[in-house]
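Values in this text are rule-based calculations from the coordinates and carry no lab data. These numbers come from a predicted model, not from an experiment. All Cβ positions, glycine included, derive from the backbone under ideal geometry; neighbour counts span all protein chains shown.
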Amino acid sequence: MSEPIRTDLSVQRERAFLVKVILPGMSFDVRHPLRELAALADAAGAEVLDGLIQKRTAPSAKTYLGKGKVQELKERADACQANLIIFDNELSPAQIRELEAATQRKVLDRSELILDIFAAHAQTHEARLQVELAQLEYTAPRLRGMWTHLERIAGAGGGTGAGVVGGIGTRGPGERQIEIDRRIVSDRVAMLRQQIEQIDRRKVQTIASRSEQFTVSLVGYTNAGKSSLMNALTDADQPVEDQLFKTLDTRTARWPLGGGQYALLSDTVGFVRDLPHRLVASFRATLEEAIHARLLLHVIDASAPDVLWQAESVQTVLDELGCGQSPTICLLNKIDLAGNESVVAVLENRLPRCLSVSAKTGAGLDRLVEMVLEEMRCQAAHVTVRTTVGNGRLIAEIDRMAEVAARRYTDSHVEMDLHIDRTQLDQLLGRYAELECLTPLPDPAVERPLPRPAPTPFLES
């Protein structure tokens, strides 16, 4: 058999055999443990042929699977003529090398598979940079396992295994080439990080410029229907396709709420269980929209058989990003496909602050607008402020940012009763020392009509 081409991580048009090792404490779909991995493989373009599952108390240090299961894996892969093995676990370079030698097939782990999907779907310069950085950071510690021809140089004196030293003069070229490769990767990573840091700064500035407006971010499991929902609520015209990770680039559009009010609605990259940390770090700028949003709309596919498990996976990622406690409305999307109304009713009771909607039929979208307006009012404050009459710039800014219920002029000052967003009020008080707030600021949690999502997992007995 020829050496597996470790520099080519693409899985398009390959025949895949799936493997999952279930360890204690691992979160997974009990009924269909390989369902998500199969969907990921399909999104990458592979044809899924068969799968294997093993429960272990701890992974094997050498091959992750047990010795007997490795032999079974090879036999079953031979039987279905698979040329690619995909693990739903993260493997070490040594484990991948041992598995490839034992099965005579290329082996990918979960992180490699997701990176390949992201690389295929990245359309903008920003997304391509982010994906390349994640790929290089993943590849760097695996260079020795990828460049197997260098090991032959190192072992030319008789051995061919990694680390085998041959005769005099045979070790140096291989070692030098590996160091050259590592330096090239290191230099490229440093350059990409510098470019992405510049993008991050611009992104943060862009988000900061929207601080005077009410920002809403769509978050959810990949393929939950976020882009379809955004198209139904705005004129964003987001591309929609029944495929995982179709949206990688954040799109923001104006969402009219009626009565002259509006919000800025953003669509973000979808989540999956155990999203590689390298991708989360690389796509930090893309996820800033969700991190700094005033309201999150957690879109959940009500027709998915593992809907609660998906919801819990998204909540875990939100917690990792630091926005798990942000004001959130759970949207049970695709209720037109859910079929069983009793299941939807159970989901509405299990999930906090939940609303059933359909991006396709428009069901529930009017109620969603009402709930967003309620949230806007809850994040606003009724206060009385005072400033000098001659401060025209400040008064004009207050008129632009707030609803002025009444004005009272006393000597050289003007008092105004305002209905204003709390964030905007804090900005005004911070920028203008001459602005006085005569009303104690209320606790927004007291006025909130509905509770924030519970931080506990959704999957409870």
Ordering of 18-26, 105-113 by burial proxy (mean other Cβ atoms within 10 Å per residue, highest first): 105-113, 18-26
Two-site FRET efficiency, C80 against H125, from Cβ-Cβ distance with R₀ of 41 Å, rounded to 0.05: 0.55
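Sort T384, T103, T234, T124 by Cβ crowding within 10 Å, fewest neighbours at the top. Intermediate results must be reported in sequence, preceding the final value.
Working: T384 15, T103 24, T234 20, T124 12.
Least to most surrounded, the residues fall as T124, T384, T234, T103.
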Of K55/K334; K55/K226; K20/K226; K20/K74; K20/K106, those spanning more than 26 Å from alpha-carbon to alpha-carbon: K55/K334; K55/K226; K20/K226
In order through the range 251-268: 3J(HN,Hα) via Karplus (6.51 cos²θ - 1.76 cosθ + 1.60), integer Hz, x for Gly, Pro: 10, 10, 9, 6, 10, x, 10, x, x, x, 9, 8, 10, 9, 9, 10, 9, 10
Amide proton proximity set for L52, modelled H, under 5 Å, gap of 5+: L18, V19, K20
R0 of 22 Å, Cβ-Cβ distance E72-M26: FRET efficiency to nearest 0.05: 0.60
Gain in span if fully extended, A101 to R431, counting 0.36 nm per residue against the direct Cα distance: 112.3 nm
Order of T410, T63 - criterion: other Cβ atoms within 10 Å of each residue's Cβ, fewest first: T410, T63
